[in-house]
Amino acid sequence: MSTVSTTNTGPALKLPEKHYLNATYGIRSWLLTTDHKRIALLYLASVTFFFFIGGFFAMMIRLHLLTPSGYLLSADTYNRMFTMHGVAMIFFFLIPSIPAVLGNFLIPLMIGAKDLAFPKINLLSWYIYVVGGAFTLYSMVTGGLDTGWTFYTPLSTVYSNSAVAPAVVGVFITGFSSILTGLNFLVTVHTMRAPGMTWFRLPLFVWAHYATSVVMILGTPVIAITLGLAAMERLFGLGFFNPAMGGDPILFQHLFWFYSHPAVYIMILPSMGVISELIPTFARKKLFGYHFVAAASLAIAVIGFLVWTHHMFLTGQSTYAALAFSFLTFLVAIPSAVKVFNWTATLFGGSISFDTPMLYAFGFLGLFLIGGLTGLFLGCLGVDMHVHDTYFVVAHFHYIMVGGAVMGYLGGLHFWWPKITGRMYPEWLARIAALVLFVGFNLTFFPQFVIGYLGMPRRYHVYPPEFQVYNVMSTAGASILAIGYLLPMVYLTWAAFYGKVAGNNPWPATGLEWTTPSPPPTENFEVTPVVTWEAYDFHNRPDLGLDVPGHPEITPAHGHD
Amino acid sequence: MQSPLPFFPEQASNFAGHVDALFLFILLTCLFFAVLVTVLATYAAFKYRRTSPGEVGSLGEGNTLLEIGWTVIPLGIALVMFAWGAVVYVNFRTPPKDTLDIYVVGKQWMWKLQQPNGKREINELHIPLNRDIKLIMGSEDVIHNFYVPAFRAKMDVVPGRYNTLWFRPTKIGKYHFFCSQYCGTNHAVMGGWVTVMDPAEYAAWLSDEAGDVNPASAGEKLFTQLACNTCHLGNGTGRAPSLNGVYGGKVLLADGTTVTADDAYIRESILQPKAKIVAGYQPVMPTFQGLVTEEQILNLTAYIKSLQSQPVPAKGAGVAPATTGKK
């Protein structure tokens, strides 16, 4: 029925002779590469580095909080730990993770292009990231940073005794890497789609990155300006935010959150994009409500810009402003809910397998559900007045950023690892790791909702003894979580060299990236592909070698019921 | 003290019951949706599990009616949450008329509190049961936040402005209060206890070991020490407007606008006198930025407040004539 069977059961699978990994050799060929796939791997190495730095700080925090009096760290050290945990994870891991690694690798492959629109700018953005990262690391080793990742003034600009300036400059610089990546994606998606790859045939991963890129381009300059002003206040004593010099500390918060709330969507939208690939692939069924899911991404990007003061309901801001922003916050929840319903509906009538990426997709669904729903409590003015700045908030955003964004990232890494490396990861070990992560994650963060509602404030190096039970649970969970993160790091690295050869399309999946060899050649496709099928359409793809009931030949789009 | 695994903090203020009820409403609604999605996804995962390696799913295309349904219904529910939350919050942000006012100053890393009669406390707050309490809060350095979990209420304490936080304690007892806005090294120990007392006991406590001067008298003394009284003459003949009756009233400014003389306006006029010039006067007042502490400003404000009952001179008053300031 099909000419080429691409499932990975055949004994004769071999890696292609020439591919992007062995096209050239030597350190120069990597550091001066303009191949989006190699740049993605450079990013993979750098974000993983920052992930483990941030993870180390997280582990210190959790160990310290095992007892109410905190036996491990001094107050100042503890404050540096949670600040640097936030800075490393948010600016140097979460924001670049999926876009700069998976997006970079996959967007040209998914739309049938040879590279991104501006390959040299793509490399430049990685170097900018590295320079920004170097400044921030410099801050970490020369006194650290103790302002909280939010850099609230006048604490950060006047009162802090830590290395604020290099960290702020580092984050400022890294922002440009984000802007350039976003720009590159937008231009690429607009101008470089293969023949037949219409806007509504684009994989939803691409739509999600399109929306993310808009946020990156419009939002990041604002954080750059904000941090620039803060740096000038700290270094040159210019009074922008310090009330003693006529500045307004609340102005800083407006500017900061104008970027940093949309930044949450920079972290979660790409992950939603990954889930929108995983669920149809492993349910072997078109995504339910494709247009609605694509529109939901754009709606999140747009409304996401209009909710920033929900971080500031208790700063003394006008009651009317609070009402307007609370209303908009409830509004932004709706497109996320629409996505969840569509993912769930996709499962009905599917043919579902439980390969590791799908386990991550299920994990994402559960954790994002909790993370998203607890956002309603915080957006609700009458509850926020109690839970604002408590552990309830900490739990909520970890469910979104770790439960959502990181689960999506890991699910995506497993799913595309065979494409990236040409080799399969060990399936059973990977399933166990996914399970360990899920259990460890919930044990770490669920108790934090409870201590939050009980009233334990964030960023406390010591706490009243009545909160201890939940803190012990949380620390126990974090230890399990740490194992859950180390496992994939180890076996994915191993698999890149020694895993079973995967073949072009081991799952099989419908995207263009699976029609080219694994790993792909430097130019991605030997001939420019022509797209004749809708996204996730398993029924009109005889080349996948699946048993489409009663339709061994290509069927017309509406020929089946 | 409580059960080993408590889920709710004590309810000890007028807000606590409302916040908890709202919380439970959202919790139950969310649980319903979470269970619904989980059950559906789990059911589908087993019902539609793959039975042969080459199997594909059905040709599902989507359903616009369903999409509209699961957009509109959650939106409706969200609006109910929004509206309920708004009602609780607006009440929380609107202090009632007759409150017991307590001045609070936050600084790294302690709280200084002052009762209306001048009695001072550090990291302790004593208040009478069932009385509306209003905290008028300022900061000497960075942003802090005054948070009493048992009252379900908190408010940032921001340098350069006054924020108020009101509540009515409804249960006698001792409750934690915390700083919940990260403020540097000892943020975690910048807290203390709120003691809610029987009103009679509170009165006894308040008059006990008196000796502190009440804020208005302290302010009056400062008013002379800082030579404010040489220009701000009570009879309106000075180089600066009389402050009699000005607090809470409307002030006509040189640019023709009016402003309400509240705590924030008075504070600004002391620290940045040129920001708002009263109509008919020259900008001659020097700034007192750096010369007075937050507590001294609070005392001066209390003194100016006490001048509310003094006779307003016909000419030379800061307070605007009755015809202006009304619509």
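FYI, it's all coordinate maths here, none of it is from the lab. Just so we're clear, the structure is a prediction, and the values are computed from it rather than from any experiment. Please note: Cβ atoms are built from the backbone with ideal geometry, for glycine as well, and neighbour counts cover all protein chains shown.
How would region B:215-309 be classified by its alpha-carbon gyration tensor: rounded, prolate or oblate, with rounded meaning a/c under 1.5 and the a/b versus b/c comparison settling the rest? Spell out each step's value before the answer.
Working: a/c = 1.39, a/b = 1.31, b/c = 1.06.
Here region B:215-309 falls in the rounded category.
Work out from phi, with θ = phi - 60° and the Karplus expression 6.51 cos²θ - 1.76 cosθ + 1.60, the ³J(HN,Hα) of each residue of region B:166-177, listed in order in whole Hz, and give x for Gly and Pro.
Here the 3J(HN,Hα) series is 10, 6, 10, x, 10, 8, 5, x, 10, 10, 5, 10 Hz.
Could you work out how far helix B:294-306 tilts from the main Cα principal axis of chain B, as a 0 to 90 degree angle to the nearest 10?
With rounding to tens, the tilt is 70 degrees.
For region B:215-309, what is the charge dipole size about the Cα centre, in debye to the nearest 20, if Lys and Arg each add +1 at the Cβ and Asp and Glu each add -1 at the Cβ? Walk me through the intermediate numbers first.
Details: 7 positive and 7 negative charges, 47 e Å.
Rounded to the nearest 20 debye, it is 220 debye.
For region A:144-161, what does the Karplus curve 6.51 cos²θ - 1.76 cosθ + 1.60, with θ = phi - 60°, yield as ³J(HN,Hα) per residue in whole Hz, taken in order and with x for Gly and Pro?
Taking θ as phi minus 60°, the curve returns x, 9, 10, 9, x, 5, 7, 6, 4, 8, x, 4, 6, 8, 10, 9, 6, 9 Hz for region A:144-161.
Enter the Cα centre distance for the pair region A:387-465 and region B:179-231, rounded to the nearest angstrom.
45 Å
If you take each beta carbon of peptide A:153-160 and count the beta carbons of other chains within 10 angstrom, what is the mean?
Rounded to a whole number, the mean comes out at 4.
Once the Cα atoms of helix A:164-191 and of chain A are each reduced to a long axis, what angle between those two axes, in degrees from 0 to 90 to the nearest 10, is obtained?
Helix A:164-191 sits at roughly 30 degrees to that axis.
Expressed as an acute angle from 0 to 90° and rounded to the nearest 10, what is the orientation of the C-alpha long axis of helix A:427-454 relative to the principal long axis of chain A?
For helix A:427-454, the angle is close to 30 degrees.
I need the phi-derived Karplus couplings for region A:316-324: 6.51 cos²θ - 1.76 cosθ + 1.60, θ = phi - 60°, integer Hz, Gly and Pro marked x.
x, 5, 4, 4, 5, 4, 4, 4, 4
What longest range of chain A stays clear of loop-exposed GluC sites (Glu not before Pro) (DSSP non-H/G/I/E/B, at most 15 other C-beta within 10 angstrom)?
Values: sites that count: A:GLU17, A:GLU523, A:GLU526, A:GLU553.
Value returned for the longest uninterrupted segment is A:18-522.
Can you give the relative contact order of chain B as a percent, counting alpha carbon pairs under 8 Å and 6+ residues apart?
Working: 531 pairs, mean separation 50.2, N = 327.
Computed over chain B, the figure is 15 percent.
Find the centroid of the Cα atoms in region B:89-159 and in region B:65-84, then give the distance between the two in whole Å.
Comparing the Cα centres of region B:89-159 and region B:65-84, I get a distance of 38 Å.
What are the residues whose amide H is under 5 Å from the amide H of B:ASP101, where those residues sit 5 or more places off or on another chain and H is modelled from the backbone?
Amide H neighbours of B:ASP101: B:LYS134.
For a quick check: with amide H placed at 1.01 Å from N, whose amide H comes under 5 Å from B:VAL56's, ignoring anything fewer than 5 positions away on the same chain?
The answer is A:ASP547.
From the cross-link list B:LYS107/B:LYS154; A:LYS18/A:LYS500; A:LYS37/A:LYS339; B:LYS97/B:LYS174; B:LYS97/B:LYS250; A:LYS114/A:LYS286, which pairs have alpha carbons spaced over 20 Å apart? Could the numbers behind the result be given before it?
Details: B:LYS107/B:LYS154 17 Å; A:LYS18/A:LYS500 18 Å; A:LYS37/A:LYS339 29 Å; B:LYS97/B:LYS174 26 Å; B:LYS97/B:LYS250 18 Å; A:LYS114/A:LYS286 27 Å.
As for pairs spanning more than 20 Å Cα to Cα, those are A:LYS37/A:LYS339; B:LYS97/B:LYS174; A:LYS114/A:LYS286.
Distances longer than 30 Å among the Cα atoms of chain B: what percent of all pairs is that?
Numbers: 27684 of 53301 pairs.
The answer is 52 percent, as a whole percent.
What size of dipole, in debye to the nearest 20, comes out for the protein assembly as shown about its Cα centre when the only charges are +1 on Lys and Arg C-beta atoms and -1 on Asp and Glu C-beta atoms?
600 debye
Highest first, please rank the peptides B:47-59, A:128-140 by the mean number of other Cβ atoms sitting within 10 Å of their residues.
On the way: B:47-59: 15.8, A:128-140: 20.4.
Final packing ranking: A:128-140, B:47-59.
For chain A, would you read off the P(r) tail past 45 Å as a percentage of all alpha carbon pairs?
Numbers: 22190 of 157080 pairs.
Here the long-distance tail beyond 45 Å is 14 percent of all Cα pairs in chain A.
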